[in-house]
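Here's the structure, in C-alpha cells; my notes come after.
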Amino acid sequence: MQVLLDICDERIIVLLMSDMACCGDAMREDITSVDVLRGINLKQARLLLDQSIEHARHLALPAMAVVILDSGGYVKASVTEDGASTLRHSIAEGKANAALAMGMNSSQFDHLLKQGVLSEAFSASLTAAANGRFNPNSGGLLLRYKGALIGAMGASGASAEQDEVLLKSVLQRNKIFI
C-alpha cells in the first residue's frame, strides 16, 4: 500500500492507494481529510446542531440558537430556530467564543467571576477586545477530540444553565467530542 501526503490550504490530504484499480480512466480511491488547523469538520458540526435542536424540542425549551466554532474561532455551522429572538445567535456565538478564547467552558469563567477570582473589569475588557463577541455566561463548551481542541459550541434560548445542560447532553451522546 502506498500513502501520499499532500499539504495544501492548511489541510493534509491522505490518499490511500491500496485498492486503486484502473478501469479505463476511472480510479477507485479513498480520500481522508484531516484539517490540522481548523478542527471540527462540517459533517460533525451539522450532526451536533441537528442533535441539539432535536434535544431542545424533546425538553420543550424555547426556540434556540446554536453556534459551532472551529478551533480558529470561525463559525463552522449555526442554526437559529424559527421564533428565536433577534440576539440569540449573537449570544450563542459569544458563549462559544468565550469558551474558546479562555480555554475553558464559559460556565467555569462565569464561576470565577462570581467568586471574585476574576474581575468584572477583566470580563468587560475581553468583551471589548472581541468586539462584543465574548459572553461569559453558561452555555459555551469546548469541543475536544482525543485531547485536542477542535472547537467550541454555544447555545442560547433558555436559561444559561439550561443552555449548558442541553449542550452537555448532546456532547455526552457523542463520546468522541468529550
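The values are calculated or read from the model by the stated rules, or taken from the named source; none is laboratory data. Every value quoted in this text rests on a predicted model; they were computed, and no experiment measured them. All Cβ positions, even for glycine, are placed from backbone atoms using ideal geometry, and neighbour counts span all protein chains on display.
Could you identify the single residue in Ala96, Ala92, Ala77, Ala101 that is assigned by TED's automatic domain parsing to the domain that holds Asn137, within 12 Å of the chain's Cα centre (by Cα) and more than 16 Å from Ser159 (Cα to Cα)?
Ala77
Only residues that are surrounded by 10 or more Cβ atoms within 10 Å (Cβ to Cβ) and either among the polar types (S, T, N, Q) or closer than 22 Å to Ala92 by Cβ (or both): list them for segment 121-131, please.
Ser123, Ala124, Ser125, Leu126, Thr127, Ala128, Ala129, Ala130
For segment 139-161, give me the residue count where each residue is surrounded by fewer than 18 Cβ atoms within 10 Å (Cβ to Cβ) and either within 18 Å of Met64 (Cβ to Cβ) or small (Gly, Ala, Ser) (or both).
Number of matching residues: 4.
Among Arg38, Arg88, which is at pLDDT below 90 and surrounded by 14 or more Cβ atoms within 10 Å (Cβ to Cβ)?
Every option except Arg38 fails the conditions.
I'm trying to understand the selection: among the residues of segment 167-178, which are in contact with a helix residue (DSSP H, G or I) (Cβ under 6 Å, 6 or more places away or on another chain) and within 17 Å of Thr80 (Cβ to Cβ)?
Passing the criteria: only Val170.
Report every pair of residues separated by at least 6 positions or lying on different chains whose Cβ atoms are under 7 Å apart, first residue within segment 116-142 and basic (Lys, Arg), second surrounded by 17 or more Cβ atoms within 10 Å (Cβ to Cβ) and not in a strand (DSSP E or B).
Pairs found: Arg133/Glu93; Arg133/Gly94; Arg133/Asn97.
I'd like to check which strands (runs of 3 or more DSSP E) are fully inside segment 51-155 and have at least 3 residues that are closer than 16 Å to Val165 by Cα and either touching a helix residue (DSSP H, G or I) at 6+ places or on another chain (Cβ under 9 Å) or of a type in the set (Gly, Ala, Ser) (or both).
65-70, 140-145
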